[in-house]
1. May I ask for the distance between the Cα centers of the stretch 284-302 and the stretch 360-438, given as a whole number of Å?
2. Give me the distance between the Cα centres of the stretch 469-502 and the stretch 107-132, rounded to whole Å.
3. Among G369, L344, S30, whose Cα lies farthest out toward the positive end of the dipole of the chain, if unit charges sit on the beta carbon of Lys, Arg (+1) and Asp, Glu (-1)?
4. Hull surface divided by four, with the convex hull built on the Cα atoms of the stretch 204-342: how many nm²?
5. Give the carbon-plus-sulfur fraction of the accessible surface of the stretch 261-373 in %, rounded to a whole number; probe 1.4 Å, heavy atoms of protein chains only.
6. Enter the accessible area per residue of the chain (Å², integer; probe 1.4 Å; all protein chains in place).
7. Could you state the principal axis extents of the C-alpha atoms in the stretch 144-257, from the largest down, to the nearest angstrom?
8. From the convex hull of the Cα coordinates of the stretch 347-432, what is the mean projected area in square nanometres?
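The values are calculated or read from the model by the stated rules, or taken from the named source; none is laboratory data. It should be emphasised that the depicted structure is a prediction, and the values quoted were computed from it without experimental measurement. Quick reminder, even Gly has a Cβ in these numbers, built from the backbone with ideal geometry, and neighbours come from all protein chains shown. Remember, those area values only see protein heavy atoms, side chains included, never the ligands or the DNA or RNA. Shrake-Rupley method; radii C 1.70, N 1.55, O 1.52, S 1.80 Å.
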Amino acid sequence: MAEVEGRVEGHRDGHGFVVPDVGDTWIYLSPQEMRSVLHRDRVRVRIVRFDRKGRPEGRVLDILERRKTPIIGRLLHEGGQWVVAPEDRRYGHDILIPKNATASAAVGQVVSVELTEPPSLHSQPVGRVAEVLGEIDDPGMEIEIAVRKYEVPHRFTPETLAQAAALPEKLRAADRKHRVDLSDVPLVTIDGEDARDFDDAVYCEPFKRGRGKTAVEGWRLIVAIADVSHYVKPGEALDEDAYERATSVYFPRRVIPMLPEKLSNGLCSLNPEQERLAMVCDMVIAADGALDAYQFYPAVICSQARLTYNEVAAVLQNTRGPEAQRRAELVPHLVHLHEAYRALLKQRGLRGAIDFDTVETQIVCDENGRIEKIVPRVRNDAHRLIEEAMLAANVCAADFIAQAGHPSLYRVHEGPTPEKRQALQAYLKALGLGLHLSEEPKPAEMQAISQAVQGRPDAQQIQTMLLRSMQQAIYTASNAGHFGLAYGAYTHFTSPIRRYPDLLVHRVIKALLGQRHYHLVPSAKTRVPEVRRGARGAKAVVKPAKPMTQEMESWEAAGAHCSANERRADEASRDVEAWLKCRYMREHLGEEYPGTVSAVTAFGLFVTLDPLYVEGLVHITELGGEYFRFDETRQELRGERTGVRYAIGTRVQVQVSRVDLDGRRIDFRMVREGEGERLLSRGRSQAERAGADKPGSASEELAAVRAADRAAKAATKARKTATVPRKGGARKTAPKPRTRR
């Protein structure tokens with residue numbers, strides 16, 4: 001049998017998998033095998049058998065590397081022993097803590113634990129409390145847990161802080177050398193109301209080239225980006241910390257920045273009426289939205305105003321309104337900017353770029369960091385015009401570097417894999433849609449499908465499947481274009497304050513302007529983080545057409561590092577949002593809401609509540625007393641007796657039945673018309689039979705209903721256990737497509 005090396009991926013149910021270093025087939029580890037290893041250990045395993053579906057099962061031969069990172073959990077005192085229950089249940093072990101190693105932590109507090117003895121087949125892991133984080137209900141505790149759980153660097157080194165403190169408070173004469181003075185150009189920043197750092201400013205004016213009938217009209221669009229590379233030099237402490245983080249991490253009410261505050265909110269933030277250093281992309285846009293010409297140069301700018309999206313949208317909607325009156329001197333420039341945006345939008349349509357309508361939400365927290373409400377983000381023309389301006393600058397940067405043949409990082413988004421294309425084609429065929437995808441789909445084909453199904457009841461479902469068919473965007477030195485935006489070359493240039501790849505692109509452009517070559521020096525301080533992958537998926541890898549030089553290998557390693565840290569930041573943010581939503585929904589237990597099915601699996605439905613924008617699971621056992629078969633092609637569950645179907649976009653009524661804060665899970669139960677009244681009536685009659693002198697409150701009635709439901713389910717389970725013999729020796733597998741309540 002084959003031997004494989006890889007990383008352990010634990011599962012909350014006790015078993016685990018080995019993610020191999022080479023290949024995409026995960027190897028199953030039984031709960032017995034998981035007793036001697038921990039989540040994220042590196043191991044060597046031997047494949048000992050295959051199940052009936054051909055999936056391999058392994059046996060651990062050797063533990064190659066133990067993870068040294070602390071484990072976050074809650075300190076408990078059980079049976080006379082101190083233990084820490086890991087917050088991440090994939091670890092699968094409670095950690096024993098000697099009584100002299102608790103660091104004065106109290107029972108129930110959240111702590112960080114360092115292992116002193118690893119687990120074995122016959123013993124639990126042993127550790128010591130390295131840090132006491134506080135009580136689980138402390139404001140911001142969910143963020144403190146997430147940054148440690150996902151190993152997000154959240155403290156700058158003393159050397160970095162010292163270097164940042166030594167930077168000047170304002171521009172010096174030496175900083176202005178060899179720069180174009182644009183301080184008299186009325187550039188403005190346009191951001192959200194809660195933005196604190198401003199890394200881009202824009203300006204637009206009409207542009208006319210030539211005379212008479214041959215004159216060509218268009219616009220001159222200037223995009224000025226904070227010149228972070230002037231202050232953050234390769235190999236210095238600031239650069240080492242920025243590379244290690246690779247991105248800023250955004251949580252509700254808090255940001256873990258890539259750069260110290262003196263840079264991110266000070267010297268490199270384009271604050272109004274303050275001179276700042278910038279890298280400028282100066283473009284000429286034709287009347288049809290095509291980019292006729294561009295140039296890059298370092299400059300000194302002075303932002304004329306800090307505008308918000310809502311303010312600009314109000315000005316564009318009514319150029320004589322009160323908002324326009326307050327910004328009268330800027331209104332003509334904003335109108336020109338909007339005209340250039342509409343031209344760029346035409347070009348976007350001609351390219352066939354994908355533009356799906358998706359709902360983004362924003363969490364509004366109270367003073368204690370708890371969710372006050374969840375609201376949809378409303379995008380207006382101001383959002384879109386800034387987005388198109390940034391896209392234009394990014395494309396120019398990619399073209400400039402590609403034309404020079406200089407190594408750099410590109411933002412690559414590849415189209416559907418052959419497997420995903422076939423699955424999508426089968427799905428469209430199953431719906432009876434006569435829409436065909438070519439062997440190598442183009443973005444315009446996907447956009448055409450999205451537009452063709454507009455107005456159908458299942459349009460949202462089809463759009464979701466289109467999105468899922470595409471791969472994840474990554475940073476890489478091998479340019480393969482951007483499928484979603486329909487660009488042959490695309491990079492990130494516009495956010496060097498919060499993204500390290502943008503900083504690298506700035507350095508490359510500066511080197512090319514100076515007719516030099518930028519040599520990327522790999523950081524010895526950091527490693528490429530491990531990439532967590534889905535059960536079937538794998539990270540997208542752009543394979544170079546020819547063997548790479550050592551320099552290209554360094555660029556590829558930097559791209560892999562930045563891509564992995566971007567995903568790490570996303571996971572940490574989602575974890576915090578999930579925790580906040582679970583905490584929020586605990587206050588709504590027992591309440592009923594309308595919802596929409598957002599995903600369908602073999603084990604149930606994921607439903608998003610319409611008024612709250614919170615997602616939860618309706619397990620298949622809650623769908624009714626019949627067999628439900630999962631149709632993977634149609635992405636739906638169908639009842640064999642009644643024929644009832646549940647697919648993405650189906651409207652349902654659900655009740656919040658359970659909230660698991662530690663597991664970040666919300667459970668719903670299906671509610672049918674009139675069922676709520678029947679349940680309350682049943683609970684009321686049970687209370688009366690129990691000798692209640694007066695009718696109970698609504699909460700008491702609901703408690704009686706839940707107790708009755710639990711008793712009924714327990715009785716049904718007991719009957720099944722008594723009449724249906726269990727198969728001995730069968731291990732737990734993934735939920736089967738055909739399941740009975």
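1. Answer, in whole Å: 24.
2. A separation of 41 Å, based on Cα centres.
3. Of the options given, the answer is S30.
4. With every direction weighted equally, the projected area is 11.4 nm².
5. 43
6. 50
7. So the three principal-axis extents are 66, 36, 23 Å.
8. 11.0
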